[in-house]
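Computed from the coordinates by the stated procedures, all read-outs in this text should not be read as laboratory data. All values derive from a computational prediction rather than experimental measurement. All Cβ positions, even for glycine, are placed from backbone atoms using ideal geometry, and neighbour counts span all protein chains on display.
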Amino acid sequence: NSVPFNESDLHEYNKEINSYANFREHLTKFKINLLTIALSSIKLQSLSLAQLTQTLASEKCYQLSFALYLMSTRISYKGAQIAVIQTFPCAMNILSEVSNIIIKLDLIINLGC
C-alpha cells in the first residue's frame, strides 16, 4: 500500500530545492562582501543567514508534514510511522522556534510597559 514513485514530483522537488539553494548562495555571497569589522555586523549577518536557512527548512517541514497527512489514508501504517518518526524532529524544531519567538515578544512587551 505504498504510494507509487512519481518522476514529475521528484523533478519539481529538485527544481524547488535548487531554487532555494541558488537564492541562499546569492544571499551568502552578498553577505560575505559586507564588512565584518564590527561585532554588530557579524551578529546581524549570522542571524539573517540562520533565519533564512531556518525559514526554508521550516517551510519544507510544513509541506512534508501536510503531504504526509494528505496521504495518510493511502499508505501503510508502518510507512506512515517511519515517516512520522523522521518528520517529528523537524516539527519539534519549528515548535521550539515559535516558542522562542513568543518568549522574546513577551519580554519586549513587558519591557515596553
Estimated FRET transfer efficiency (ASN18, ASN93; beta-carbon r; R0 25 Å; 0.05): 0.60
Per 0.36 nm of contour for each residue apart, how much would the distance between LEU10 and ILE82 grow if the chain were fully extended, relative to their Cα-Cα spacing? 23.9 nm
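Under the 0.36 nm per residue contour assumption, what length would be gained going from the current alpha-carbon distance of ILE75 and ASN100 to full extension?
Once the chain is fully extended between ILE75 and ASN100, it gains 5.5 nm.
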